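This report refers to the structure that appears directly beneath it.
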Amino acid sequence: MQNRYAIEQLIEAGVWISQKGWVPATGGNFSARTDSGFVVTASGYDKGQLAPEHFLQFDCHGQIESGTGKPSAETELHLSIYQLVADATCVLHTHSVAATVLSRFIKSDTLTITGYEMQKSLTGILSHEETLQIAIFDNDQDIEQLAEKVALRYQRNPLYHGVLIRGHGLYAWGRTPSETRRHLEGLEFLFACELERIKLEATL
Ligand SMILES: [Zn+2]
């Protein structure tokens, strides 16, 4: 996709994601793979009010080509996901309450989800009887190190749809911006359901 189209898609996604309450206080970041490299949101802007000047353009090797502002520290993780997942063209990273809390509550390195019709919102999942395995990584301010951990895990077991960062949020990806939005919305719905289920079961 062309840079201009990619930026338009991410601005539109930002308005929607912001309305959902998944990127509070300028949190989160978005990116897309383009014909010449990648576009990524610059750090520190309200993701519901993005404009073209709030994006940085990187070449295929991750070097800044144009744009002003500070690249988000998490840009490294976006670029790493594009390297690992050959057909990913968009990554949406959010800081929702459900993703933040659930990833802290689950102590293991995998969130297992089964039994929900909405699992079918994720490409390749055909039944509520399938089991989703969403990898959880401990949060790390050293993003290079975090990206390495994601890469190592991916080499052992390919990751699909998205990953959780503990106490932090979700990185969702897809083959198009609209597929990525569907994966993001589907996963956020499932996280919210799991959180409600865990709370209810604790009261029984
Ligand atoms: Zn983040």
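The values are calculated or read from the model by the stated rules, or taken from the named source; none is laboratory data. All of these numbers come straight from a predicted model, not from anything done at the bench. FYI the Cβ positions are ideal-geometry reconstructions off the backbone, even for glycines, and counts take in every protein chain you see. Accessible surface areas use protein heavy atoms only, side chains included; no ligands, DNA or RNA. Shrake-Rupley method; radii C 1.70, N 1.55, O 1.52, S 1.80 Å.
Using the structure shown, decide if E74 is closer than 25 Å to Q145 by Cβ and among the acidic types (D, E). The answer is yes for E74.
Counting only residues that are within 14 Å of the ligand (Cβ to nearest atom) and either assigned to a loop (DSSP other than H, G, I, E, B) or of a type in the set (F, W, Y) (or both), segment 70-79 holds 3 of them. So, in segment 181-204, of the ones that are more than 18 Å from the chain's Cα centre (by Cα) and charged (D, E, K, R), which residue ends up least open to solvent (accessible area, probe 1.4 Å)? Filtering segment 181-204 for residues that are more than 18 Å from the chain's Cα centre (by Cα) and charged (D, E, K, R), the one least open to solvent (accessible area, probe 1.4 Å) comes out as E194. On the stretch given as segment 126-180, residues that are open to solvent by less than 20 Å² (accessible area, probe 1.4 Å) and of a type in the set (S, T, N, Q) total 1. Set side by side, the residues I11, I64 differ, and just one is surrounded by 19 or more Cβ atoms within 10 Å (Cβ to Cβ) and either more than 15 Å from the ligand (Cβ to nearest atom) or not polar (S, T, N, Q) (or both), which is I11.
Where strands (runs of 3 or more DSSP E) fall entirely within segment 80-186, those with at least 1 residues that are polar (S, T, N, Q), within 16 Å of the ligand (Cβ to nearest atom) and within 19 Å of W22 (Cα to Cα) are at 90-94.
Within segment 74-84, is there a residue that is farther than 21 Å from L170 by Cβ and at pLDDT below 95? Checked segment 74-84: no residue is farther than 21 Å from L170 by Cβ and at pLDDT below 95. Within segment 158-173, the only residue that satisfies the criterion of being farther than 10 Å from H93 by Cβ and small (G, A, S) is G167. Selection of segment 21-47 for residues being more than 16 Å from the ligand (Cβ to nearest atom) and either surrounded by fewer than 18 Cβ atoms within 10 Å (Cβ to Cβ) or of a type in the set (A, V, I, L, M) (or both) yields A32, D35, S36, V39. Y5 falls short of the stated requirement of being open to solvent by less than 60 Å² (accessible area, probe 1.4 Å), away from the ligand (no atom under 16 Å from the Cβ) and aromatic (F, W, Y). Scanning segment 23-39 for residues that are under 18 Å from G69 (Cα atoms) and either in contact with a Lys or Arg (Cβ under 9 Å, 6 or more places away or on another chain) or charged (D, E, K, R) (or both) yields T26, G27, G28, N29, F30, V39.
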